[in-house]
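Colleague: This is the structure I have questions about; it appears just below.
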Amino acid sequence: MEIRGRSRTLKINYRTSHQIRKRFYLLLGTEIADVDGDTEKRLGTISVFSEPEPLIAIAESAEEESRAVADWLTDLIGKDLKPHEISVFVRSANQIERATTAVETSGLQFTVLGDHVHTTEGHVSVGAMHLARD
């Protein structure tokens, strides 16, 4: 069965903020090609909500990275967020230890999320990025 050409990109994004979408374009460009070589322009898509601009920082070492994330977590707690309202996501399961080290550095407790995504009251959730989709 031939199914190529039957899809289209939605132009209204309900899941990603305008600020995150702008960063996405900087990283991946405004045109994307699939495995068949067909290209699609991403311009013209709008997001229905805004959030603060994402903070991007480059650390010189793993220790500097952990300290920066720990400071960010401490700042969030200082703004009256509760630990269980905060999540730290990393690109893959191979980087979970980096995230847990950063949370430990902040002095907060954490729970590593599994495939069933059970959070724990009073604990920062740590998980691989694919768990953040919902």
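The values are calculated or read from the model by the stated rules, or taken from the named source; none is laboratory data. Nothing here was measured: the structure is a model prediction, and the numbers come from that model. So basically every Cβ, Gly included, is an ideal-geometry build from the backbone, and we count neighbours across all protein chains shown.
Colleague: Filtering segment 20-54 down to residues that are assigned to a loop (DSSP other than H, G, I, E, B) and of a type in the set (Gly, Ala, Ser), which residue is surrounded by the fewest Cβ atoms within 10 Å (Cβ to Cβ)?
Modeller: Only one residue fits best here, namely Gly37.
Condition check ((1) among the β-branched types (Val, Ile, Thr); (2) at pLDDT below 75; (3) not assigned by TED's automatic domain parsing to the domain that holds Glu104) across all residues:
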position: Lys22; (1), (2), (3): no, no, yes
position: Leu27; (1), (2), (3): no, yes, yes
position: Glu31; (1), (2), (3): no, no, yes
position: Asp34; (1), (2), (3): no, yes, yes
position: Pro52; (1), (2), (3): no, no, yes
position: Leu55; (1), (2), (3): no, no, yes
position: Ser66; (1), (2), (3): no, no, no
position: Ala70; (1), (2), (3): no, no, no
position: Leu73; (1), (2), (3): no, no, no
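Colleague: So, one more: Is there any pair with a first residue in segment 43-59 that is in contact (Cβ under 8 Å) with a residue 12 or more places away in the chain and a second that is surrounded by 11 or more Cβ atoms within 10 Å (Cβ to Cβ) and among the small types (Gly, Ala, Ser) whose Cβ atoms are under 6 Å apart and which are 6 or more apart or on different chains, and what are they?
Modeller: Note: pairs meeting the criteria are Ser47/Ser17; Phe49/Ser17; Ser50/Ser17; Glu51/Ser17.
Colleague: While we're here: Please specify each residue of segment 47-75 satisfying the condition of being more than 19 Å from the chain's Cα centre (by Cα) and under 23 Å from Thr16 (Cβ atoms).
Modeller: Hits for segment 47-75: nothing passes.
Colleague: Can you work out which of the residues in segment 114-134 that are small (Gly, Ala, Ser) and modelled with pLDDT under 90 is surrounded by the most Cβ atoms within 10 Å (Cβ to Cβ)?
Modeller: Step by step, filter segment 114-134, then rank; the result is Ala132.
Colleague: Run down Thr105, Thr100, Thr111 and say which single residue is buried (at least 17 other Cβ atoms within 10 Å of the Cβ) and free of Cβ contacts under 8 Å to residues at least 24 places away in the same chain.
Modeller: Thr111
Colleague: If you take the residues in segment 80-95 that are within 17 Å of the chain's Cα centre (by Cα) and surrounded by fewer than 16 Cβ atoms within 10 Å (Cβ to Cβ), which one is nearest to Thr120 (Cα to Cα)?
Modeller: Restricting to residues being within 17 Å of the chain's Cα centre (by Cα) and surrounded by fewer than 16 Cβ atoms within 10 Å (Cβ to Cβ), the top hit is His84.
Colleague: Check whether at least one residue in segment 55-63 is touching a helix residue (DSSP H, G or I) at 6+ places or on another chain (Cβ under 7 Å), within 23 Å of Leu131 (Cα to Cα) and surrounded by 11 or more Cβ atoms within 10 Å (Cβ to Cβ), and report yes or no.
Modeller: no
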